[in-house]
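A short worksheet on the structure shown next.
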Amino acid sequence: MSITLNAGKAAIPHSAYSTLVTSPTTQAETTMTAIKDFILRTGLQTGDALPTESQLCTDLGVSRSSVREAVRTLVALDIVEVRHGHGMFVGKVSMRPMVESLLFRGLLNPGDDHRGLRDIVEVRITLDNALTEPVTQAWKNRQDPELDTLVEEIEEIASKRELFTDQDRRFHMRLLEPLDNHLFLHLTEAFWAVHTLTVPLLDGPRPEDMLSAAKTHRSMLQAARAGDAQAYRQATAQHYAPLLAALT
């Protein structure tokens, strides 16, 4: 398997990708760019095998240390996965690095006003509002036992003054599944993760806020099934109200 820049089929126009990346300044960065270019040009997908470390050194004419440094960076970005004893593979290319960057950016905000974290939550709200019409259209008059069960579990857990983190994630992800847009799912899960990581940084949620947030899930589902976009937006606003209040 060669990693020469003209190898394989052109999965996407390389020129379009090149305009989006900065010019590498070190040998490790050049190596990293070449590996990404190879993945794109050959149309490799998550889980597909990459050339060995030795092959990369030979094809690119770079040192082993440059390859290792490039691979470490690509692993951190979830672009490459190293399976010890098996080799290197295309990673999941998930939103995990973005989640870490967003959370860190929010925490960098000076002072105790939580401005950075509030900005992140407001972006998630904007995304949810933008998806209101597609969601209410997709779920109008549609039944789903999984969502019904999740709503019941959320309300039961909240009544015990306990966090319903896992159920909340599954609820929001399930709502978007009929849209058949993987980017929506990935972005929503990423912002949900930031949301979840934010909560422990604040004062513990009040019991009444937990119950209120739990009830909004039923309101969102009812509005979606009724195809009522306005009611869905209202339920979404109520869903985020306690968190926004804590960040104010």
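Nothing in this text is a laboratory measurement; each read-out follows from the coordinates by a stated rule. Keep in mind it's a predicted model, so treat the numbers as computed, not measured. A quick note on method: Cβ atoms are made from the backbone with ideal geometry, for glycine too, and the neighbour counts reach across all protein chains shown.
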Fully extended contour minus Cα-Cα distance, from H182 to T26, at 0.36 nm per residue: 52.7 nm
Highest average packing first - 83-90, 72-79, Cβ atoms within 10 Å: 72-79, 83-90
Rounded FRET efficiency, nearest 0.05, which uses the C-beta distance separating S94 from S65 and R0 of 35 Å: 0.80
Kindly state, to the nearest 0.05, the FRET efficiency for L127 paired with T196, given R0 = 22 Å and r defined as their beta-carbon distance. 0.90
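How big is the range 112-248 by the Kirkwood estimate over distinct Cα pairs, in Å? Show your work: numbers first, answer last.
Working: mean 1/r = 0.0662 Å⁻¹.
Value: 15.1 Å, from the Cα pair sum.
With +1 on the Cβ of every Lys and Arg and -1 on the Cβ of every Asp and Glu, and nothing else charged, how large is the dipole of the range 14-90 about its Cα centre, in debye rounded to the nearest 20? Mind dumping the intermediate values first?
On the way: 6 positive and 8 negative charges, 14 e Å.
In total the dipole reaches around 60 debye.
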Separation in nanometres of the label points that stand 7 Å from Cα toward Cβ, at D119 and D78: 2.2 nm
Quick shape check on the range 14-90: root eigenvalues a ≥ b ≥ c of the Cα gyration tensor, a/c under 1.5 is rounded, otherwise prolate if a/b tops b/c, else oblate, and it reads oblate
Using a basic spin-label model with each label point 7 Å from the Cα along Cα→Cβ, how many nm lie between A49 and D166? 3.6 nm
